[in-house]
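Enquirer: Just dropping this structure here.
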Amino acid sequence: MITFLRILTGLVLLGLVVLAAILFMPVRTTPALAALPEDYTPPEGSGEYAMRLADCSACHTAEGGVPFAGGRKIESPLGTIYSTNITPDEDTGIGSYSLDEFRAALYDGIRQDGAHLYPAMPYANYRKMSEADVRALYAFFMDEVEPVSNAGPETALPFPFNQRWGIRTWKWAALSEPGELSSTGDAAYDRGAYLVEAPGHCGACHTPRNLVMGEAGYTAMDGDFLMGGEIDGWTAPPLRGPDSAIRNWSAEDLKLYLASGRNNHAGVNGEMQLVVRDSLQYFTNEDLDAVVAYLRALGDPAAGDNAPPVDPPRTADRLDPSAGGTQAVLTAAEPGMALGPRLYLDNCNACHFVDGRGADQVFPELDGNPLVTAPSATGLIDTILNGAEVPSTTVRPYSLRMPDFGHRLSDEEVAELATFLRSAWSNSADAVTTADVTARRETAEERAAAE
Amino acid sequence: MARTEPKKDVVIVGLGWTGSIMGIEMAKQGLEVLALERGADRYTVPDFRYPDVIDELKYGVRFGFMQKPRNSTVTIRRTLQETALPYRQLGSFLPGDGVGGAGIHWNGHNWRAMENEFILRSYVEDNFGADIIPEDMTIQDWGVTYAELEPHFDRFEYMLGLSGQAGNVNGQIIEGGNPFEAPRSRDFPLPPLKQTYDATLFADAARAMGYHPFPRPAANASGVWTNEYGMQLGPCNYCGFCERYGCLNYSKASPQTCILDALRRMPNFSYRTNSEVLRVDLAEDRQTATGVTYWDEEAQEEVFQPADIVMLCAYSLHNVHLMLLSGIGEPYNPATGEGVTGKNYAYQMNGGTTLFFKDKLFNPFIGAGANGMSMDDFAINQIDFAAEGFIGGSYITAGVTNGQPIRGIGLPSGTASWGEEWKTAITEWYGHSMSIGSHGSNMAYRDCYLDLDPTYTDRHGRPLMRMTFNWKPNDIRMTQFMRSKIEPIAESMNPDTWQSSYKGEGAQYDVRPYQTTHNVGGAIMGDDPNTSVVNRYLQAWGQHNLFSLGAAAFPQNIQYNPTGVVGALAYWAADAITRDYLPNPRPLV
Amino acid sequence: MPLPDWKTTRRGFLGGGAGAAALTAMAVPLHAQSPEPEPLENYAPEYFTAEEWQFVMSATALLIPSGPTPGAIEARVPVFIDLQLASGFGSADDWYMAGPHIADADPLLGWQSPLTPAEIYREGIAAVNAWCEQTHEAPFADLLPQTQQEVMTALSEDEVPLPPELRGLFDLLLQNTKEGFFADPKYGGNHRMAGWTHIGFPGARASFLEWVDKHNVPYPLGPVAISGERG
């Protein structure tokens, strides 16, 4: 009994010590990863370019809002987080931040007042950015951005998540080494690794989360890195491995997708649209090549990844009258046909055609499309209900739009159509229920009402 | 004047095909460009979205994408003695409206004129003698040649993603194309569209008679296409709702699919919709334009928009109307033959034969806008005018483009138009008829012209433009000649019955049925300021900083649909302005 | 499924409700359609008076008769016309209606009447009814079918004396009737896509790339409306 009490007292004392440590031990911030001269001046344009690489405006500019003035709603699994004002306003922005304080936010998720930032800010990835880019960003935000007075809404997550000191423990468990990147020594690969693993923070969406909701890997050296994630219910597909969304893409396809959101296979959708619109379309030609080289290096040609470029036949010549299966059913257009393919002919065939292969760079494929066959059907349901749009980009300025069909189809019909698509042609994925569709429609309505 | 806006380098009136081309070409030069469009903005989605655009009543019958006569129309008369009356409802021609203009709702028939069409008067005089030209026919040379325009035809076609088969590449005749066409420097951007049943039957019959059918050039993409601006087209799906409708699947060439999103990205380009230009403003000495005045619909006030360069890019009729209202060029007087503005208005002479087959099924609802097989064996460069007794020519085509039921189901003549007989007949004959049509030239005449109406005004109080036009014996003889060639082809196909519709002797212009929206002339180009309004660069003779694009420049109508020439002239003018005018603004001729 | 025996009597087209039920069965929808609207005799017109409504029902029933297949009544064409006249079409919103009007001008110069379509119907129906009273002692809707046929024929051949501003009446009526038979059902006519089914028109499908090469092959699939309703 006394032993038990002693052990218990010991554990409580230990807990108190740990708590005291969390609360009172000073936070050590990561120092600069390279020694640059005090009077180092970032090259002209490098600050804006670094901002594009890191895509700061994606979170720090509200919908239709003033650039970098914050106030954007970010839906997290723990509640709504509002982005902050990072214009150089002295009172409501970061105008009073020193370079070290700026770096601490990027690398360690530490605010000027010492509070911990929620990991909606991807410091877990940004902590690998170079000192040159940190300096360039600092100079950009201090000198090239208009200061804007905007206090913005305070983030108020429900208890216990409003206890920011708790994030410190999360950091101990979740963060990896600052500045650590994968490398092969090949210049293109290494630059691509930097872009993807550091400012691009692609892993923040495309990597699975572990039990503590940290990324299950931060560089290509980790097996789970870029093996797929989920964002707002949509699947952010794997970019390596047997289920990789890009395994059948040529280098040209991959590069064009990054630059324009469209290629011979797919059209960018969901949150990734904004990444193309605000970030990727501004990458230099060389940087795009580097990202492509890196991603393809993660593929395994022996397993059939990294397809060579193909000169495909004209759409009209592609439709083979002797083809069987789904294409034959759709082409025959029999009055007694099942509801799924009937809905396809009445809604989708005009652009996606009877072989489900769409048209290069204009209408995405549905056959073999990861959005269609993803484990979560949310993205597919959302696209049928609300349509889709690829952003206007420099190399492809046309903002191609798919109209929404939510007003034309009942929940039951959307489920029927989605189920058909997920098993049509070579696709094989679970059916979609009416309840799935109803739930997604309700989510959208709730959000719209809350605006 | 309620307000004045800050000056622009270039102000463009109308944001259709020519407005978009001039807009992007001038913006590429770094100029501050503003386009003023009196209609609304239009995007593929939501304005042409599937399936809502598949609405025959709203767009095909009630003309949803067209100009509303209440807002803008003309008065029409056939002779100088008749009193012109307002064109109160749309019928014979359908001017466009809104961003994209008629480029939204055309069929996509895109041709190059024949070489002789640009030098028609000289060609007739040199080959047949001036005596064969009727006294009241006022045809003229254009002041520009086909050879000069060839690179610009090529550029326009590659910008459109035109589908077709070349017949003459640098003098080499190619099987399957049009052997009579003017030489082109390379093949079409995209291969031809697939053909419907009726077109293949016609082509077989035509070939059997020794003619040379070829796929009609189509600005409906037969595959995917990316043009010089990075803009994209997808493959046409033969939806059967082309002409009169915005394209639902990104396959019809239009300003929306070919230019606008690229143009909108340029920070030095802007445009205002619901801004109707009321007049072109001229300097005191009338030697230059100072800008334009427009009506701001939202603010309900007049606005003066100053500019260094004014480009009239509205529909052809509206360009001429603006010139007449603004005092640009001496108005044409048909009694004296003096003056230039409004002179030489022309239209298009078409006809056709309809065939009925009980045992052949044509699915008429399957069609693009410009699919079909055509032949130029009786084109304007193939006819001996002296022998045949007319000046002109036509191309002949079969190819169904739509089977929309409200707009008419072909029935053998004599069939009742209502009641049980009609109801039964439409089930018997829907899908069992096809047509062979001729599309031909229309010459210019002394008393076919445009001026200001003395009686009727528009909502701004401006006089409407008055159109004086009628069919003339020369063109009637031409269309009857085509009839004499088409009917034997029809007979050789062994239909159960057939019937013809061609203008006959004494035919009067009927404004009610749709014919074509190929209104040309009125601000014609030429090499003599006494007989033309603009010079060979489409620059106004009277004001060197004023340009007038579009088919108003045609001195008479070509045998083809005008858009191909309209586009080529736009690139030709843009090139001259960029290379020659901008460095040194002055009259270029 | 045995079809009702349709008679072109006054009672025949008042039985529109039963006809609509037969239509629904014929269309073999894959899912439940929208509920059946009220029968025509219970429809409350937005534009027409009760008397005009009777005229329009009788007139359209002649122009596109009922029979073994649906006609104007089963397709609810009168509803279409009523709604059109109550809309911008009826008030000639798009047309140039400023005077002076020369109503008896050469017909080839197009519409010159000072009246809108809604006014043409109102005054035109009154004029025709007045003429029927004068020549046959009853308004149009109360005449025997054979007599109605004669009146309609006379009207179509300009043999019913009408002032020049009303001379477009028959053409307008026939045009609107055909529109009501074939326009998308969202406008109130072409009920259950009866018009499209009648001729084999696929409606708003507008997607045929895989069918272009199928020459002389019947297209088997029924129509679809803009709303998604399937036939």
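The values are calculated or read from the model by the stated rules, or taken from the named source; none is laboratory data. Note that the coordinates shown come from a computational prediction; the quantities given were computed from them, not determined experimentally. Here the Cβ positions follow ideal geometry from the backbone for every residue, glycine too, while neighbour counts run over all protein chains shown.
Enquirer: Being buried (at least 24 other Cβ atoms within 10 Å of the Cβ) and closer than 23 Å to B:Tyr514 by Cα is the filter; apply it to the range B:343-356 and report the residue that is farthest from the chain's Cα centre (by Cα).
Expert: Looking at residues that are buried (at least 24 other Cβ atoms within 10 Å of the Cβ) and closer than 23 Å to B:Tyr514 by Cα, I get B:Leu355.
Residues checked against (1) in contact with a strand residue (DSSP E or B) (Cβ under 9 Å, 6 or more places away or on another chain); (2) buried (at least 20 other Cβ atoms within 10 Å of the Cβ); (3) more than 26 Å from C:Glu123 (Cα to Cα); (4) within 10 Å of chain B (Cβ to nearest Cβ):
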residue	(1), (2), (3), (4)
C:Pro164	no, no, no, no
C:Gly189	no, yes, no, yes
C:Ala194	no, yes, yes, no
C:Ala204	yes, yes, yes, yes
C:Ser207	yes, yes, yes, yes
C:His215	no, no, yes, yes
C:Pro220	no, no, yes, no
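Enquirer: For the range A:335-372, give me the residue count where each residue is part of a helix (DSSP H, G or I), more than 16 Å from A:Leu409 (Cα to Cα) and at the interface with another protein chain (Cβ under 10 Å from one of its Cβ atoms).
Expert: Here the count works out to 3.
Enquirer: Say whether the condition of being away from chain C (no Cβ under 14 Å), over 30 Å from C:Pro145 (Cβ atoms) and outside any loop (DSSP other than H, G, I, E, B) is met by at least one residue in the range B:455-472.
Expert: no
Enquirer: Could you please tell me which pairs satisfy a Cβ distance under 6 Å, a separation of 6+ or placement on different chains, a first residue in the range A:227-250 that is in the same structural domain as A:Asn263 (by TED's automatic domain parsing) and without any contact (Cβ under 8 Å) to a residue 24 or more places away in the chain, and a second residue that is surrounded by fewer than 22 Cβ atoms within 10 Å (Cβ to Cβ) and of a type in the set (A, V, I, L, M, F, W, C)?
Expert: Between residues of the range A:227-250 that are in the same structural domain as A:Asn263 (by TED's automatic domain parsing) and without any contact (Cβ under 8 Å) to a residue 24 or more places away in the chain and residues that are surrounded by fewer than 22 Cβ atoms within 10 Å (Cβ to Cβ) and of a type in the set (A, V, I, L, M, F, W, C), the close pairs are A:Gly241/A:Met227.
Enquirer: Residues that are closer than 22 Å to A:Val354 by Cα and at pLDDT 95 or above: list the helices (runs of 4 or more DSSP H) wholly contained in the range A:373-451 that include at least 2 such residues.
Expert: A:378-386, A:411-423
Enquirer: Are any residues in the range B:240-298 part of a loop (DSSP other than H, G, I, E, B), closer than 25 Å to A:Thr394 by Cβ and more than 25 Å from the chain's Cα centre (by Cα), and if so, which ones?
Expert: Once the filter is applied, which keeps residues that are part of a loop (DSSP other than H, G, I, E, B), closer than 25 Å to A:Thr394 by Cβ and more than 25 Å from the chain's Cα centre (by Cα), the range B:240-298 yields B:Arg265, B:Met266, B:Pro267, B:Asn268.
Enquirer: Could you check C:Gln84 against (1) within 10 Å of another protein chain (Cβ to nearest Cβ); (2) assigned to a loop (DSSP other than H, G, I, E, B) and say which number it fails?
Expert: (2)
Enquirer: Something else about it: Which of (1) of a type in the set (S, T, N, Q); (2) more than 9 Å from every other protein chain (Cβ to nearest Cβ); (3) under 30 Å from B:Gln195 (Cβ atoms) does C:Asn129 not meet, given it meets every other one?
Expert: (3)
Enquirer: Where the second residue is surrounded by 14 or more Cβ atoms within 10 Å (Cβ to Cβ) and not in a helix (DSSP H, G or I) and the first is among the acidic types (Asp, Glu) and lies in the range C:37-50, which pairs have Cβ atoms under 6 Å and are six or more apart or on separate chains?
Expert: C:Glu46/C:Ala86
Enquirer: Which residue out of B:Ile409, B:Ile436 is crowded, with 20+ Cβ neighbours inside 10 Å, part of a loop (DSSP other than H, G, I, E, B) and either away from chain C (no Cβ under 12 Å) or of a type in the set (A, V, I, L, M) (or both)?
Expert: B:Ile409
Enquirer: Condition first: within 14 Å of chain C (Cβ to nearest Cβ) and free of Cβ contacts under 8 Å to residues at least 60 places away in the same chain. Now tell me which residues in the range A:412-434 satisfy that.
Expert: A:Glu412, A:Val414, A:Ala415, A:Thr434
Enquirer: Continuing with the same structure: Filter the range A:299-323 down to residues that are within 14 Å of chain C (Cβ to nearest Cβ) and not acidic (Asp, Glu), then give me how many there are.
Expert: Qualifying residue count for the region: 9.
Enquirer: Which ones in the range B:169-208 are within 14 Å of chain C (Cβ to nearest Cβ) and charged (D, E, K, R)?
Expert: Listed by number, the residues that qualify are B:Lys194, B:Asp198, B:Asp204.
Enquirer: Criterion first (in contact (Cβ under 8 Å) with a residue 24 or more places away in the chain, closer than 28 Å to B:Val124 by Cβ and outside any helix (DSSP H, G or I)) does B:Tyr509 satisfy it?
Expert: yes
Enquirer: Sort through B:Gly240, B:Gly342, B:Gly329 and tell me the only one that's at pLDDT 95 or above, over 30 Å from B:Gly461 (Cα atoms) and among the small types (Gly, Ala, Ser).
Expert: Answer to the selection: B:Gly240.
Enquirer: Give B:Arg88, B:Arg42, B:Arg38 a once-over and let me know the one that is basic (Lys, Arg), in a loop (DSSP other than H, G, I, E, B), within 14 Å of chain A (Cβ to nearest Cβ) and in contact with a Gly (Cβ under 9 Å, 6 or more places away or on another chain).
Expert: That would be B:Arg42, the only listed residue that is basic (Lys, Arg), in a loop (DSSP other than H, G, I, E, B), within 14 Å of chain A (Cβ to nearest Cβ) and in contact with a Gly (Cβ under 9 Å, 6 or more places away or on another chain).
Enquirer: Could you identify the single residue in A:Leu117, A:Leu137 that is modelled with pLDDT under 95 and in contact with a Gly (Cβ under 7 Å, 6 or more places away or on another chain)?
Expert: None of the others qualify; the one that does is A:Leu117.
Enquirer: Filter the range B:46-85 down to residues that are of a type in the set (A, V, I, L, M) and either in a helix (DSSP H, G or I) or more than 7 Å from every other protein chain (Cβ to nearest Cβ) (or both) and give me whichever is surrounded by the fewest Cβ atoms within 10 Å (Cβ to Cβ).
Expert: Out of the qualifying residues, it is B:Leu80.
Enquirer: When you look at C:Ala98, is it part of a loop (DSSP other than H, G, I, E, B), at the interface with another protein chain (Cβ under 8 Å from one of its Cβ atoms) and among the aliphatic types (A, V, I, L, M), yes or no?
Expert: So C:Ala98 passes the test.
Enquirer: OK, next. Mind counting the residues in the range B:354-392 that are closer than 30 Å to B:Gly246 by Cα, out of contact with any Pro (no Cβ under 8 Å at 6 or more places or on another chain) and not in a loop (DSSP other than H, G, I, E, B)?
Expert: Of the residues in that region, 2 qualify.
Enquirer: Got a sec? Which helices (runs of 4 or more DSSP H) wholly within the range A:1-78 have at least 3 residues that are of a type outside the set (A, V, I, L, M, F, W, C), assigned by TED's automatic domain parsing to the domain that holds A:Gly93 and under 24 Å from A:Met121 (Cα atoms)?
Expert: A:46-54
Enquirer: Quick one: B:Tyr502 ticks every box in (1) aromatic (Phe, Trp, Tyr); (2) in contact with a Pro (Cβ under 9 Å, 6 or more places away or on another chain); (3) farther than 24 Å from B:Gly16 by Cα except a single one, so which number is it?
Expert: So the condition that B:Tyr502 fails would be (2).
Enquirer: Applying the selection to the range B:12-30, what residues are buried (at least 21 other Cβ atoms within 10 Å of the Cβ) and either over 23 Å from the mean Cα position of the chain (by Cα) or free of Cβ contacts under 8 Å to residues at least 60 places away in the same chain (or both)?
Expert: Selection gives B:Met26, B:Ala27.
Enquirer: Those residues that are more than 14 Å from chain B (Cβ to nearest Cβ) and either buried (at least 21 other Cβ atoms within 10 Å of the Cβ) or touching a residue at least 24 places away in the same chain (Cβ under 8 Å) (or both), I need them from the range A:382-411; list them, please.
Expert: A:Asp382, A:Leu385, A:Asp411
Enquirer: Restricting to the range B:205-233, count the residues that are buried (at least 24 other Cβ atoms within 10 Å of the Cβ), in a loop (DSSP other than H, G, I, E, B) and of a type in the set (Gly, Ala, Ser).
Expert: Looking only at that region, the number is 4.
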